[in-house]
Amino acid sequence: MRMRLVLALCAACAAPAVLAPPAVAQTSPANQAVADAEAAAALLRAAIGQLAQAVSADDQVVALTEVIRGYELGLSALRDGLRQASAREAELRDRFEAQRGQLSRVLGAMTALQQSPESTMLLHPAGALANARTGMILSGITPGLRAEAEALQADLDEIATVRELQANAAGMLGSGLDSVQEARRLLASAAGDRSSMPTRFAEDPQELQELRAAAESLNQFATGISSMEKDVGPPMEDFEGAQGSLPLPVVGTILRPYDEPDAAGVSRPGWVIATAPAALVQTPWPATIRYRGPFLDYGNVMIAEPARGYLLIFAGLSQVFGEVGDVLKAGDPIGLMGGTEAPAQEFGSQFVSDAARGAEAGRSETLYLELRRGNETLDPADWFVLNPVVGPQED
């Protein structure tokens, strides 16, 4: 009986290791993801905490824009941390499932070893020599079992850490949703009441309305606007020199690159960007508003002129801020995306679930971005910078 137990222990440890022992003084992937997510959560809390100061700021539009942008950047960083942590948890669970049989043998051997007094196990009917051999076998087995147990415990700790992160994130996000929704409402009101915005020219609604009524496509409409004689004054800044350095106007995911056909085979000379509901859209460069309002089936459209001969087109917004002729600074808000966020009591858990799924999950809205020079469309990839929180679609 004792010999069979020893042989069972040998067999359990002779199989390939279930999990490699944790490296000493190294941060696990899950712990690193948690650290990144906690840093993002701190950014979120800081942004939400600035709402009270933004309401009383001299320029509410600027202050509220900073609050909302900080919240959305933190949200995107938190999403990435949760996605990585969830991927790590799934990896560990897949390994457990693949090694279920070996784990059972190791755990069974450990249980048997724990329940059998060492002095009894060393008693062997063949005498002292056999007892000594048994002791040598056990002394070699025990460290292996201990290493297996430590590796298993380390991975279980990782999973527990991920679960705690998910629960904390869900609670924090739910409590902060009302604050950012209030910030968006105040921003829409402040942007509409803003009277200090400089203008380049007087609004000409009749000409724009006639052009909009006659245009049968966004391309035709934009071409008509670019041909309208409007004095935008001297160049505000070197827009051509900014090629390759423009920030994206919204936090999201590039769903469809320039001129790539969609499922129906339709290609567009711009980017389709997936965003979260109610996402803030900002101008990436100082520009003059040439048109704002609904157009065909594009929803609300904003057309801005960053320099003579260039147009930036933003389509698919739910709300647009400003008036034709307004001169925007880089980073000024131009509108909000549509869509509806989940109720506060569901928002956090839904966000955690969407983050684990990755790709564009949770980003139900789409902003269309187009850059034109005269009658020519340009690939935004040559002009805009992708960063860790705004990038191509994840696999």
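The values are calculated or read from the model by the stated rules, or taken from the named source; none is laboratory data. Keep in mind it's a predicted model, so treat the numbers as computed, not measured. Because the Cβ atoms are built from the backbone with ideal geometry, glycine has one as well, and the counts that use them run over all protein chains shown.
Only a single criterion out of (1) assigned to a strand (DSSP E or B); (2) loosely packed, with under 15 Cβ neighbours inside 10 Å; (3) at pLDDT 85 or above is not satisfied by Gly391, namely (3). Scanning segment 364-381 turns up at least one residue that is assigned to a loop (DSSP other than H, G, I, E, B), outside the structural domain of Leu78 (by the TED database) and within 16 Å of the chain's Cα centre (by Cα).
Scanning segment 249-265 for residues that are in contact (Cβ under 8 Å) with a residue 40 or more places away in the chain and either within 21 Å of the chain's Cα centre (by Cα) or under 30 Å from Gly74 (Cβ atoms) (or both) turns up Pro249, Val250, Val251, Gly252, Thr253, Ile254, Leu255, Pro257, Tyr258.
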